[in-house]
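Q: One structure coming up, written as structure tokens, with questions to follow.
The values are calculated or read from the model by the stated rules, or taken from the named source; none is laboratory data. Since the model is a prediction, treat every value here as computed from it, not as a measurement. No Cβ is skipped: glycine too gets one built from the backbone with ideal geometry, and neighbour counts run over all protein chains shown. What goes into the accessible areas is simple: the full protein's heavy atoms, side chains included, and nothing from ligands, DNA or RNA. Shrake-Rupley method; radii C 1.70, N 1.55, O 1.52, S 1.80 Å.
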Amino acid sequence: MLSGIIRESISKAEVKQLRKNGYLIANIYGKGKENIHCAFKRNDFIREVKNKTDLIFNVEVASKEYPVVIQEYQKDPITSEIIHVDLMLAQKGIEAKYSVKVRTVGVPKGLKNKGALIISKKRIKVKSAPENLPKDYEINVSDLDVGDVVLVRDLPQTAGVKIVERDDVAIVGVVKSR
């Protein structure tokens with residue numbers, strides 16, 4: 001489990017010092033909860049995020065455990081290092097907006113007909129309580145030929161999960177390659 005420290009001060013000087021010491025600045029927030037200003041070791045955070053299997057993962061700050069979701073992160077424009085991350089608490093029974101991964105399965109038959117698979121959306125925005133949240137949306141693309149697409153309305157409907165995206169937005173498709 002990822003463990004972090006509480007930031008006593010939110011001054012610019014302390015933030016610079018923490019970044020210099022290899023920490024990633026983070027804020028944890030949730031509906032009706034006090035914001036928690038914290039910091040995690042950058043390499044530990046990146047390792048934990050790459051190895052997680054679910055959208056929701058646990059972090060430990062000041063010996064308390066919090067289930068969180070990455071809501072937003074900021075990168076340094078020059079070095080592309082992550083410099084700040086916003087974590088949202090995944091509170092049971094409280095609906096919130098999440099971005100769920102799209103995973104494709106199979107090889108489209110349109111690839112044999114000089115087509116190319118285009119993944120337009122890698123994540124789908126949904127509104128749900130954390131206990132109803134799907135791990136990912138799996139799309140079987142093996143029946144797609146050149147010119148075929150899978151739209152948001154073609155996704156399976158899950159109880160307690162409302163898709164926030166427009167219905168006519170393409171997720172994956174096979175287009176004719178040049």
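Q: Just flag the trypsin sites (Lys or Arg not before Pro) in segment 20-86 sitting in loop per DSSP whose Cβ has no more than 10 other Cβ atoms within 10 Å. Don't skip to the answer; put the middle values down first.
A: Details: sites: Lys20, Lys31, Lys33, Lys41, Arg42, Arg47, Lys50, Lys52, Lys64, Lys75; in loops: Lys31, Lys33, Lys52.
Listed in order of number, the matching sites are Lys31.
Q: May I ask you to give the solvent-accessible area per residue for the chain, in square angstrom, as obtained with a 1.4 angstrom probe?
A: On the way: 11200 Å² over 178 residues.
Averaged over the residues of the chain, the accessible area is 63 Å².
Q: Taking just the C-alpha trace of the chain, give me its Rg and Dmax in Å.
A: When restricted to the Cα atoms of the chain, Rg and Dmax are 19.7, 61 Å.
Q: In debye, nearest 20, what is the charge dipole magnitude of segment 76-178 about its Cα centre with +1 on Lys and Arg Cβ and -1 on Asp and Glu Cβ, if you could check? Write down the numbers at each step before the final one.
A: On the way: 18 positive and 14 negative charges, 54 e Å.
My answer is approximately 260 debye.
Q: So what's segment 1-106 giving for Rg/Rh, alpha carbon basis, Kirkwood Rh from the mean inverse pair distance? Intermediate results must be reported in sequence, preceding the final value.
A: Numbers: Rg = 14.4 Å, Rh = 14.7 Å.
Ratio of gyration radius to Kirkwood radius for segment 1-106: 0.98.
Q: Using protein chains only and a probe of 1.4 angstrom, how many square angstrom of Leu151 are accessible, to the nearest 10?
A: Per-residue accessible area (Leu151): approximately 30 Å².
Q: What 222 nm value per residue comes from the helices of the chain, counting each DSSP H run with n ≥ 4 as -39,500 (n - 2.57) and dividing by all residues, nearest 500 deg cm²/dmol? Numbers along the way, then the final one.
A: Numbers: 2 runs with 19 residues, N = 178.
For the chain, the value works out to -3000 deg cm²/dmol.
Q: Here's another thing I want to ask about it. Using a 1.4 Å probe on the protein heavy atoms, what percent of the accessible area of the chain belongs to carbon and sulfur? Don't skip to the answer; put the middle values down first.
A: On the way: 5340 of 11200 Å².
Summing carbon and sulfur atoms, their accessible area is 48 percent of the total for the chain.
Q: So how do Thr79, Thr104 rank on accessible area, 1.4 Å probe, biggest first, that is with the largest at the start? Don't skip to the answer; put the middle values down first.
A: Working: Thr79 85, Thr104 50 Å².
Output order, biggest surface exposure first: Thr79, Thr104.
Q: Compare Gly93, Gly32, Gly115 in a GNM of the chain, Cα atoms joined below 10 Å, and give the one with the largest fluctuation.
A: Gly32
Q: If you put +1 on each Lys and Arg Cβ and -1 on each Asp and Glu Cβ, how big is the dipole of segment 1-147 around its Cα centre, in Debye rounded to 20? Kindly include the intermediate steps, with their values, before the conclusion.
A: Working: 27 positive and 18 negative charges, 88 e Å.
The dipole of segment 1-147 has a size of about 420 debye.
Q: Calculate how steeply helix 42-51 sits against the longest principal axis of the alpha-carbon atoms of the chain, using the helix alpha-carbon long axis, and give the answer as 0 to 90 degrees to the nearest 10.
A: Once rounded, the angle reads 30 degrees.
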